[in-house]
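Q: Here's a structure for you.
The values are calculated or read from the model by the stated rules, or taken from the named source; none is laboratory data. Predicted model only: the values in this text are computed from it and were never measured. Ideal geometry is used to build each Cβ from the backbone, glycine not excepted, and the neighbour counts take in all protein chains shown.
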Amino acid sequence: MPTWFDHYVIVDWSAANQPKMGRDSIWICHLGPGGERCENPRTRHTARQFLSEILRTAADRSERVLLGFDFPFGYPVGFAARLGLPGVPWRAVWDEIAALIEDDERNKSNRFEVAALLNRRVSGGRFPFWGCPRGFTHENLGPRHHRGHISDGLDERRLIDKWMIGAQPCWKLAYTGSVGSQVLTGIPVVRAVRDDPRWARDARIWPFETGLDAPGDAQIVFAEVWPSWWNWKPTREPGEVNDRAQVRHVARLFAEADRAGKLTAWFAGDPNLSDEEQAKVVLEEAWTLGVMAPRRRLRSVTIPPAPVDVGTRLLRITRNDGQQRRHCEERSDEAISMRPPKPRSEPKTYEYLRDPAAIYRRSFAQIRAEADLGRFPVSLRPLAIRLAHAAGDVAILDDLAWSRGAAAAGRLALAQGAAILVDSEMVASGIARERLPAGNEVICTLRDPAVPALMASCKTTRSAAAVELWRPHLKGAVIAIGNAPTALFSLLEMLAAGAERPAVILGFPVGFVGAAEAKAALVAFGRGLAFISLKGRRGGSALAAAAVNELGWRRPPGLPD
């Protein structure tokens with residue numbers, strides 16, 4: 001069977017800060033028509049030259065090359081947005097890292113300084129990168145894990161990292177498994193080699209430039225690999241370091257899969273990925289070549305070493321719950337990527353965030369990352385965030401309307417003890433009264449015994465009639481309407497006729513009839529009336545209550561500003 005590639009190049013990368021050979025340094029195995037060759041370049045600069053020479057020779061002969069690098073090609077989704085980078089996320093991040101990293105011919109790099117800079121841009125603190133050598137001090141990079149991923153809204157691991165048990169996070173820059181330093185020093189090299197004008201037209205980064213599919217007519221394909229994914233350890237030659245044995249083993253493994261006609265299927269990744277997950281992988285996070293399904297950690301199962309061949313392996317499983325020992329023989333169509341058998345079914349549990357304060361912090365961090373808050377006055381931005389949070393949708397902010405100084409007027413009124421007039425019990429129930437600044441009274445007149453008679457005499461709705469009972473409380477009040485358009489129309493008619501002015505109107509009536517028109521009338525009312533509203537038919541009690549809560553909320557420790 002003809003193979004897809006002519007050359008298989010596997011690179012074990014290193015972020016060492018000085019020239020280094022042997023263990024924990026750069027190892028490259030090149031398996032091609034001329035045989036197998038393993039090299040141990042002393043520096044990243046030398047490694048780049050060696051790889052370029054392989055590609056030059058292959059390009060001259062129109063031969064196809066697969067280059068696998070053992071570090072992540074992407075970061076968890078949202079990193080580019082948090083950095084404020086425009087364009088396609090993966091490429092924007094690659095370009096930014098390449099522009100910032102300085103890495104000389106003696107392996108001296110500024111990766112820790114770059115990580116600190118990126119932390120400052122993302123969070124203003126020591127998140128998300130962590131880990132640094134002794135003696136390195138910086139206010140934006142700490143030596144220990146910050147434990148901030150749940151609260152700060154940027155995942156610790158990519159989707160593929162969650163598929164692969166034991167994969168280290170790309171934010172980790174130091175200590176055992178410091179893959180983060182490999183990423184910062186490796187991406188600029190892969191980018192430079194891929195963009196070399198001698199072969200750039202025929203080169204592709206998988207899956208960013210190919211999609212989750214076979215690389216088509218690309219002559220040179222760069223891919224992320226993880227040698228530890230494969231379940232067995234390579235056989236070492238006498239005196240051979242593990243790094244050399246590993247790249248040699250993986251190069252042979254890829255070549256064998258190609259000869260068997262299976263390698264091209266690996267470029268699809270996990271075929272069960274949803275459309276949303278595939279988009280995340282292709283646009284930002286990348287994938288690891290050869291991973292076709294998640295590897296799950298077994299509970300209370302011990303799997304001792306067992307002899308393995310490419311087609312079959314024998315598993316000796318001892319269950320620690322006292323059940324009988326058993327032997328089983330497992331065959332797989334994807335024999336090269338063996339996985340343990342599935343554990344017996346257990347009670348269904350879900351992984352989800354349970355800490356209320358952490359949920360708030362993460363939610364608000366995501367809103368800040370997704371919404372264009374710069375178009376709002378500074379005083380209005382917290383309220384805009386709260387409204388997006390209540391709706392679960394930042395798109396509603398496109399219709400937010402307000403008068404100058406409205407947010408400040410509402411905060412001042414509540415701080416001075418102003419009453420809060422609401423058009424429905426749902427709005428009243430949504431207001432966090434225990435956190436209002438002055439024990440403010442919340443007034444809903446909808447169930448007042450006088451309302452039915454007012455309905456009959458005014459020939460109007462119950463909500464509009466209830467607004468007539470607001471007259472004694474109007475002056476300086478905060479009004480929150482989240483249900484009835486007729487309540488807002490009735491209020492505006494009262495104000496036009498000379499009724500006392502409230503401090504601010506929070507106008508969020510909802511519906512298909514009258515809601516958009518009532519809010520348009522509020523926006524056009526003029527006469528110095530302070531308001532905050534949402535144009536169109538959308539609105540609701542949750543939004544009205546959220547607006548009150550934001551203007552008056554005395555936040556407990558741990559919740560976002």
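Q: Answer yes if at least one residue in the stretch 111-122 is part of a loop (DSSP other than H, G, I, E, B), of a type outside the set (S, T, N, Q) and touching a Lys or Arg at 6+ places or on another chain (Cβ under 7 Å), and no otherwise.
A: no
Q: Does the stretch 85-92 contain any residue that is within 29 Å of the chain's Cα centre (by Cα), among the small types (G, A, S) and not assigned by TED's automatic domain parsing to the domain that holds D217?
A: No, the stretch 85-92 contains no residue that is within 29 Å of the chain's Cα centre (by Cα), among the small types (G, A, S) and not assigned by TED's automatic domain parsing to the domain that holds D217.
Q: Going through G216, G211 one at a time, which residue ends up being free of Cβ contacts under 8 Å to residues at least 40 places away in the same chain and either within 17 Å of W4 (Cβ to Cβ) or among the basic types (K, R) (or both)?
A: That would be G216, the only listed residue that is free of Cβ contacts under 8 Å to residues at least 40 places away in the same chain and either within 17 Å of W4 (Cβ to Cβ) or among the basic types (K, R) (or both).
Q: With (1) touching a helix residue (DSSP H, G or I) at 6+ places or on another chain (Cβ under 6 Å); (2) in the same structural domain as A223 (by TED's automatic domain parsing); (3) surrounded by fewer than 16 Cβ atoms within 10 Å (Cβ to Cβ) as the list, and D104 as the residue in question, which single condition is left unmet?
A: Of (1) touching a helix residue (DSSP H, G or I) at 6+ places or on another chain (Cβ under 6 Å); (2) in the same structural domain as A223 (by TED's automatic domain parsing); (3) surrounded by fewer than 16 Cβ atoms within 10 Å (Cβ to Cβ), only one is false for D104: (1).
Q: Just one of the numbered conditions (1) at negative phi; (2) assigned to a loop (DSSP other than H, G, I, E, B); (3) buried (at least 21 other Cβ atoms within 10 Å of the Cβ) is not true of R157; which one?
A: For R157, the exception is condition (3).
Q: Could you please find all residues in the stretch 421-464 being of a type in the set (A, V, I, L, M, F, W, C) and touching an Asp or Glu at 6+ places or on another chain (Cβ under 8 Å)?
A: Initially, the stretch 421-464 is screened for residues of a type in the set (A, V, I, L, M, F, W, C), giving 421-422, 426-428, 431-432, 436, 438, 442-444, 446, 450-451, 453-456, 458, 464.
Selection gives C444, L446, L454, C458.
Q: Considering each of S429, S463 in turn, give the residue that is part of a helix (DSSP H, G or I) and either out of contact with any Ser or Thr (no Cβ under 6 Å at 6 or more places or on another chain) or more than 16 Å from M494 (Cβ to Cβ) (or both).
A: Residue meeting the stated conditions: S429.
Q: Across the stretch 126-141, which residue is surrounded by the most Cβ atoms within 10 Å (Cβ to Cβ) among those that are under 18 Å from the mean Cα position of the chain (by Cα) and assigned to a loop (DSSP other than H, G, I, E, B)? Walk me through how you get there before you give the answer.
A: Within the stretch 126-141, the first condition is being under 18 Å from the mean Cα position of the chain (by Cα), and the residues that meet it are 126-130.
With the extra rule that they be assigned to a loop (DSSP other than H, G, I, E, B), the set shrinks to 126-129.
Working: R126: 21, F127: 23, P128: 26, F129: 28.
Checked the stretch 126-141; the qualifying residue surrounded by the most Cβ atoms within 10 Å (Cβ to Cβ) is F129.
Q: Name every residue in the stretch 1-44 that is within 22 Å of R111 (Cα to Cα) and surrounded by fewer than 16 Cβ atoms within 10 Å (Cβ to Cβ), in order of residue number.
A: Q18, M21, R23, D24, listed by residue number.
Q: Could you tell me how many of the residues in the stretch 499-521 are in contact with a helix residue (DSSP H, G or I) (Cβ under 6 Å, 6 or more places away or on another chain), crowded, with 21+ Cβ neighbours inside 10 Å and not in a loop (DSSP other than H, G, I, E, B)?
A: 5
Q: With A544, A515, A530, A521 as the choices, which residue is in contact with a Ser or Thr (Cβ under 8 Å, 6 or more places away or on another chain) and of a type outside the set (F, W, Y)?
A: Only one candidate qualifies: A530.
Q: Select, from D258, D275, the only residue that is surrounded by fewer than 16 Cβ atoms within 10 Å (Cβ to Cβ), at negative phi and out of contact with any Pro (no Cβ under 8 Å at 6 or more places or on another chain).
A: One residue alone meets the criteria, D275.
Q: Right, here's the next one. Residues S424, S429: which one is within 30 Å of E370 (Cβ to Cβ), crowded, with 20+ Cβ neighbours inside 10 Å and within 39 Å of the chain's Cα centre (by Cα)? Talk me through it step by step, then tell me what you get.
A: Details: S429 fails: crowded, with 20+ Cβ neighbours inside 10 Å.
After ruling out the rest, the residue left standing is S424.
Q: Yes or no: A174 touching a residue at least 12 places away in the same chain (Cβ under 8 Å) and in the same structural domain as W229 (by TED's automatic domain parsing)? Lay out the reasoning, then the answer.
A: Working: touching a residue at least 12 places away in the same chain (Cβ under 8 Å): yes; in the same structural domain as W229 (by TED's automatic domain parsing): no.
So A174 does not fit the description; no.
Q: While we're looking at this one, here's another question. What is the residue count in the stretch 45-81 for residues that are surrounded by fewer than 20 Cβ atoms within 10 Å (Cβ to Cβ) and in a helix (DSSP H, G or I)?
A: 12
Q: Something else about it: For the stretch 22-44, enumerate the residues that are assigned to a strand (DSSP E or B) and of a type in the set (K, R).
A: Within the stretch 22-44, just R37 meets the criteria.
Q: Next question. Would you confirm whether any residue within the stretch 178-198 is of a type in the set (A, V, I, L, M), surrounded by fewer than 21 Cβ atoms within 10 Å (Cβ to Cβ) and either more than 18 Å from A99 (Cβ to Cβ) or within 24 Å of the chain's Cα centre (by Cα) (or both)?
A: Checking the stretch 178-198: not a single residue is of a type in the set (A, V, I, L, M), surrounded by fewer than 21 Cβ atoms within 10 Å (Cβ to Cβ) and either more than 18 Å from A99 (Cβ to Cβ) or within 24 Å of the chain's Cα centre (by Cα) (or both).
Q: (1) of a type in the set (V, I, T); (2) touching a helix residue (DSSP H, G or I) at 6+ places or on another chain (Cβ under 7 Å); (3) part of a loop (DSSP other than H, G, I, E, B): which one isn't true of I165, the others all being true?
A: Evaluating I165 over (1) of a type in the set (V, I, T); (2) touching a helix residue (DSSP H, G or I) at 6+ places or on another chain (Cβ under 7 Å); (3) part of a loop (DSSP other than H, G, I, E, B) leaves (2) as the failure.
Q: May I ask you to verify whether I396 is under 24 Å from F489 (Cβ atoms) and modelled with pLDDT of 95 or more?
A: Against the criterion (under 24 Å from F489 (Cβ atoms) and modelled with pLDDT of 95 or more), I396 does not qualify.
Q: Okay, moving on. Taking the stretch 441-498, which residues are at positive phi and either buried (at least 20 other Cβ atoms within 10 Å of the Cβ) or at pLDDT 95 or above (or both)?
A: Across the stretch 441-498, the qualifying residue is only G476.
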